[in-house]
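Please treat every number below as a calculation from the coordinates, not as lab data. As the structure is a prediction and not an experimental result, all values here were calculated from the model. Cβ atoms come from the backbone with ideal geometry, glycine included; neighbour counts cover every protein chain shown.
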Amino acid sequence: MFPEDPKHLLDASKKTSKSTVFVKELSEKDRHRILRHFLGLEESDRLLRFGTYLPDAMIEKYVDGIDFSRDKVFGVISHHFRIVGVGHLAYAPRAENDDVTDKDKVAEFGVSVSKIARGKGIGSKLFERGAIHCRNDDVDTLYMHCLSSNQTMIHIAKKAGMEIHREYGEADAYLKILPADAVSVLKEAMQEQVAAIDYTIKANTRAAAKWLSHLPGMKDSSK
């Protein structure tokens, strides 16, 4: 077997992805993968993510409306090169009656994780990435809205030290974030660099797997 054998790279990528969660900032080119992720959510998961069940047409409208020049979207990529976790950091002007912050803008974070990727800490990693980006972007208040039945998100919120308010079966939480410093800026930059390398490796591995699938007697292991 040659050192650069693509099947060897594929196996190595699978082993790494099982133990490590890399969170990468997504862009316009990933819009179709983001849509695929949301459309793959079961009805109950759509309810927990959006607070109501959204049919496919509304999901498509939501994804089409994401403004990557304003908001930040983070994702976790599986070894199959599919998005299995999405965190959407949406910015909004501070409300006039908002006495929690005196900054010009606030952020709201929404998280979803594919069923096949549960129990790996992906939701927490996405939240941590969203919070540190807020810190480095001069946003000191991060909001999160979810149904009170969404115990996973409430657990993540409590773990992060968010103050939670409950009303009419829904939960609103906010987290006060410290000002940026050299450590937080360097930490986010390093996280993105490592995630970008992981993204490239998985993309190349998928391409190699597709190449292998065209060889006699080989199956496409990228699916």
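Just a few scattered comments:
- 3J(HN,Hα) along the range 139-153: 10, 9, 9, 10, 9, 8, 10, 7, 5, 4, 7, 7, 5, 5, 5 Hz, from the Karplus curve 6.51 cos²θ - 1.76 cosθ + 1.60 with θ = phi - 60°, whole Hz, x for Gly and Pro.
- Nitroxide proxy distance, nm - points 7 Å out along Cα→Cβ at D99 and F68: 4.1
- Counting only alpha carbon atoms, the long axis of helix 182-213 and the longest principal axis of the chain meet at about 30°.
- Residues whose amide H comes within less than 5 Å of that of I177, counting only those at least five positions distant or on another chain, are T141, L142 (H built at 1.01 Å from N in the peptide plane).
- Computed lengthening from Y53 to L215, 0.36 nm per intervening residue step minus Cα-Cα distance: 54.0 nm
- FRET efficiency for the V185 to E28 pair, using the beta carbon distance and R₀ = 25 Å, is estimated at 0.50.
- Protection proxy ranking of 101-112, 65-76 - average other beta-carbon atoms within 10 Å, highest first: 101-112, 65-76
- Cβ-based net charge around K176, under 13 Å, with every Lys or Arg adding one and every Asp or Glu removing one: -3
- Phi-based couplings in Hz for the range 81-92 (Karplus 6.51, -1.76, 1.60; Gly and Pro marked x): 6, 10, 6, 10, x, 10, x, 10, 9, 9, 8, 8
- Inter-label distance for I197 and T152, nm, one decimal - labels placed 7 Å from Cα along Cα-to-Cβ: 2.9
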